[in-house]
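The values are calculated or read from the model by the stated rules, or taken from the named source; none is laboratory data. None of these values were measured; they are calculated from a predicted model. Positions of Cβ are backbone-derived with ideal geometry, glycine not excepted, and every protein chain shown enters the neighbour counts. The protein model used for the area step is the full one, side chains on, heavy atoms only, and it has no ligands, DNA or RNA in it. Shrake-Rupley method; radii C 1.70, N 1.55, O 1.52, S 1.80 Å.
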Amino acid sequence: MSISTVQQAYHLLEEKQMIMAQSRSGYFVASRKATPPILALIRSAQRPVEVTQWDAVLELINSRLEDDVLQLGSGMPDLTQPTLKPLWKAFSRQAQKQETALLNYDKLYGVLALRQQVARLAIDSGCHLTADDIVITTGCHEALCVAVRAVCEPGDIIAVESPSFHGIMQTLRGFGIRAIDIPTDAVTGISLEALELAFD
């Protein structure tokens, strides 16, 4: 088999948590652990409330600097893992090219080549989009902010899943929007029944 096929197979097995990489030793079969039962979240729909708890959110954000706190809500990879070597090499190759585009701002809606590629990929999902239909954001938080500002005004009430991302809750507070917590099940997702009752 070709090296790329084998690497892809290892990558797939690692994604499925069937094998695990160990530094300077290779890959090993991952030990199987019993999966804990998933608890159903049963709660009635709440009334619209002003978003508060800003001090608690600041405390959570500042706790990232503490070694004894495990952050489950951040998107940071484990920088000690050897599987990040290809990413570091790709970064290094791009830096060596010294392309000025890497250090400059691009179009407001995002890099055209990227938007074109996203539009092409969307065809597989049955969407007929062009690059002009795509807006690239700097992350999910900005995307949520843009979406909320596009459809909401101060004083509006929107439904949010519970538990929810603290960042969007603080964004709602900044926009003067109230929220209704809708209970969410780990398997079936947001409760449509509770959502219907909340807006009756």
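Side notes on the structure shown:
- The accessible area of residue 23, taken with all protein chains in place and a 1.4 Å probe, comes to roughly 80 Å².
- Kirkwood Rh (inverse of mean 1/r, distinct Cα pairs), the stretch 134-200, angstrom: 12.9
- Amide H within-cut-off set for residue 190, under 5 Å, with H built and near neighbours excluded: 185
- For the stretch 94-139, the per residue solvent-accessible surface stands at 87 Å², with DNA, RNA and ligands left out and a 1.4 Å probe.
- Portion, in percent, of the accessible area of the stretch 67-141 that falls on carbon or sulfur, probe 1.4 Å: 59
- Couplings 3J(HN,Hα) of the stretch 118-133, computed from phi: 4, 4, 5, 5, 5, 4, 4, 8, x, 8, 10, 10, 10, 4, 5, 8 Hz, in residue order, whole Hz [Karplus 6.51 cos²θ - 1.76 cosθ + 1.60, θ = phi - 60°; x for Gly and Pro].
- In summary, the convex hull built on the alpha carbon positions of the stretch 58-191 has an orientation-averaged projected area of 12.5 nm².
- Residue-count net charge about residue 21 - beta-carbon cut-off 13 Å; Lys, Arg +1, Asp, Glu -1: -1
- Accessible-area rank, largest first, for 10, 105: 105, 10, with all protein chains present and a 1.4 angstrom probe.
- Computed from phi, the 3J(HN,Hα) profile of the stretch 85-93 under the Karplus parametrisation 6.51, -1.76, 1.60 (θ = phi - 60°) reads 4, x, 5, 4, 5, 5, 4, 5, 4 Hz, with x in place of Gly and Pro.
- Taking amide H as placed 1.01 Å from N in the peptide plane, residue 162 has its amide H under 5 Å from the amide H of 182, 184, each at least 5 places away in sequence or on another chain.
- Long-range HN-HN contacts of residue 19 with modeled amide H, under 5 Å: 14, 30
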